[in-house]
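These notes are about the structure you will find just below.
The values are calculated or read from the model by the stated rules, or taken from the named source; none is laboratory data. Predicted, not measured: the structure shown is a model, and the values here were computed from it. Glycine gets a Cβ as well: all are built from the backbone with ideal geometry, and neighbour counts include every protein chain shown. Note: accessible area is taken over every heavy atom of the protein model, side chains too, but ligands, DNA and RNA are not part of it. Shrake-Rupley method; radii C 1.70, N 1.55, O 1.52, S 1.80 Å.
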Amino acid sequence: MSQNNQHSIPNRVGIEGVSYSLAHVPDLVRFGSKPIRELRDNPALAGELARLLRDFPAATAYAPHQVYIGNIGPETLRDLPQPWFEKLIEGATAQGRFGDLIDQAKFYALLAGADRFDLISFEEKWFQAHAAKHSIGRAPRFKPLSEIQNLCDKGALPLHSGSQLVGAFEAAHEEDASLAAEVLLENLSGKVSAAHSLRLVLAQLALKPDDVDFVISCSEEAVGDRYNRGGGNLAKAIAEDVGCGNASGCDVKAFCAGPMYAMVQGASMIQAGVAKRVAVVAGGSLAKLGMKFESHLKKNMPVLEDMLGSFAAILSAAKPGQVCMRLDSAAFHPVRAGGSSQAMAEELAEKPLAKLGMKLTDVDRYGVELHNPEITMPSGSGDVPRTNYLTLAALAVMRGQIQKNQMDDFVRRRGMLGYAPTQGHIPSAIVYLGHAMTALQSGAIRNALLMAKGSLFLGRMTQLSDGCSFLVDRNED
């Protein structure tokens, strides 16, 4: 291919839309990786945990959740009174510009409808009274309460609605740790929450499921069995659940950076002509529920990690005036770079911007790891977004683009407070895409750089970190 032809290839791929959802699942917090271990060692914690779980109205009126689904802009969050868990928003609704919050009864109904292997059972009277109106997909399997209790006594996970036992979730194999009840509930939760967000964005765009050619899942679960623990394809299961009959799919894994990689790969498929419309989806991480619950209990504050976050984005060929990804801006953290914060900022922000003739100060808004600090700070984990923004600001100082006394202004103007639940992949920049699209469409900003890091060392195969970034703007060429 000639150099001229290379330059003629479009470098933008259109983002048709993005949706976000939060599932409030307080009675599943006990099955998060941290709570399930701590409660086995100290069963007395169960009563204290139950006392500090939120109800659905409190979760709905929580300011960061309203930002997540698009009813409040992230730039206004810093002006709202804190603590946010005490200063709830009056008149808050569960429906947002980008998506919704769903309650636990609806989530149970989604689990039952997507269960193709009879893993989950419910007591019929409770289900008909509370969850049946939300049912889609397969009819649930009903069992009398005595049989449900017997299943739980034999090792099935008990499903509660408050203090009431209403169902059971069974393992698929007695000896296969990858098919244990805890793992399968985690995987099915990721599947149904991602599928829900995909249905939302298709409805928002008036698209049919068959309009999607390919689905990429970038959740953090490992779907498989004892012979192939993480090799399964959740994306195709999600496509099936939503009815995307023309689509195939695959999973992309990069720890917290997964959504960035998945968006770049999906956009590359569009640009290469391999697919016409790609859905990038991710479901919630059940394992991360209640990660910091002990810190919250010690401070007598609500257990805020009671939400499963999900998103779905639709990519297709760029149209004039549309918000787009710039593939010529896509950057990856190379092996040689090292894992320091400065190296991440250099590789994921400074260098890709320099290729486009831009400086750090030419970006109007940065989307980074937008973990809600009200969740992380009580445990000593700090304010993750602010730390990332200060690293970018410090790099701008080093390069002579701003003065040292302008760092706080850089952070305030180009950054935002964190508002995403600690779901790993979900807070990592992708949560800002919806707000970025709104701001770009209104002209409030000219561009935004989304960047995310991945902690590859957690898998004990390498000491490396990872990362990926890309710029979004409007297609005005």
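Annotation for segment 161-244: GluC sites (Glu not before Pro) lying in DSSP loop with at most 10 further Cβ atoms inside 10 Å of their Cβ are 174, 175.
Kindly provide log₁₀ I(q)/I(0) values, in the same order as q = 0.17 Å⁻¹, from the Debye equation applied to equal alpha-carbon scatterers of segment 258-415. Normalising to I(0) and taking log10 leaves -1.19. Charge dipole of segment 34-132 (Cα centre as origin; +1 on each Lys and Arg Cβ, -1 on each Asp and Glu Cβ, all else neutral): 140 debye, rounded to the nearest 20.
Principal axis extents of the C-alpha atoms in the chain (largest first, rounded to whole Å): 71, 50, 46.
In the full protein context, the chain carries 41 Å² of accessible surface per residue, based on a 1.4 Å probe and ignoring ligands, DNA and RNA.
Taking other residues whose beta carbon is less than 10 angstrom from the beta carbon of residue 157, and scoring Lys, Arg as +1 and Asp, Glu as -1, yields -1.
Report the charge-dipole magnitude of segment 232-347 in Debye, nearest 20, computed about the Cα centre from +1 at each Lys and Arg Cβ and -1 at each Asp and Glu Cβ.
Value, rounded to 20: 100 debye.
Running Debye on segment 350-477 with equal point scatterers at the Cα sites and no solvent, what base-10 log of I(q)/I(0) appears at q = 0.09, 0.11, 0.18, 0.19 Å⁻¹? Values, matching the q order: -0.27, -0.41, -1.06, -1.16. Summing +1 for each Lys or Arg and -1 for each Asp or Glu among the other residues whose beta-carbon sits under 12 angstrom from that of residue 471 gives +2.
The charge dipole of segment 300-434, taken about the Cα centre with unit charges on the Cβ atoms of Lys, Arg (+1) and Asp, Glu (-1), comes to about 540 debye, rounded to the nearest 20. DSSP finds beta bridges in segment 47-179, and of those with both partners inside it, around 80 percent are antiparallel. Put simply, the amide H of residue 159, placed in the peptide plane, has neighbours under 5 Å in 166, 167, 168, 169, leaving out anything fewer than 5 places away on its chain. Of all alpha-carbon pairs in segment 33-158, indicate the percentage at a distance above 22 angstrom. Counting pairs separated by more than 22 Å, the tail of P(r) holds 56 percent. Within the chain, antiparallel bridges make up roughly 70 percent of the DSSP beta bridges whose residues both belong there.
Applying the criteria of a DSSP loop state and at most 14 other Cβ atoms within 10 Å to the trypsin sites (Lys or Arg not before Pro) of segment 125-219 yields 138, 154.
Let me have the relative contact order for the chain, percent, based on Cα pairs under 8 Å that are six or more residues apart.
20 percent
Near residue 335, within a Cβ-to-Cβ distance under 13 Å, what is the net charge of the other residues, with Lys and Arg +1 and Asp and Glu -1? Let's see the in-between values first.
Details: positive: 336; negative: 347, 466.
Around residue 335, the surrounding residues sum to -1.
The orientation-averaged projected area of the convex hull spanned by the Cα atoms of segment 193-336 comes to 12.3 nm². Computed from the alpha carbon atoms alone, the convex hull of segment 35-82 holds 114 Å³ per residue. Our coupling estimate for segment 119-124, obtained by passing each phi through the Karplus curve with A = 6.51, B = -1.76, C = 1.60 and θ = phi - 60°, is 8, 10, 10, 10, 6, 5 Hz, Gly and Pro reported as x. Between the listed residues 423, 68, 389, the Cα displaced farthest toward the positive end of the dipole of the chain, a dipole computed from Cβ unit charges relative to the Cα centre, is found at 389.
Rounded to two decimals, the Cα-based Rg/Rh of segment 126-279, with Kirkwood Rh, is 1.03. The chymotrypsin sites (Phe, Trp or Tyr not before Pro) of segment 208-309 that DSSP puts in a loop, and whose beta carbon has at most 13 other beta carbons within 10 Å, are 227.
Contact order, relative form, for segment 123-255: 18 percent (alpha carbon pairs under 8 Å, 6 or more residues apart, mean separation divided by residue count). With helices as the sole contributors, the chain gives -9500 deg cm²/dmol at 222 nm; each DSSP H run of n ≥ 4 counts as -39500 (n - 2.57), and the sum is divided by every residue. Both radii come from the Cα set of segment 183-242: Rg as radius of gyration, Rh as Kirkwood radius; their ratio Rg/Rh reads 1.02.
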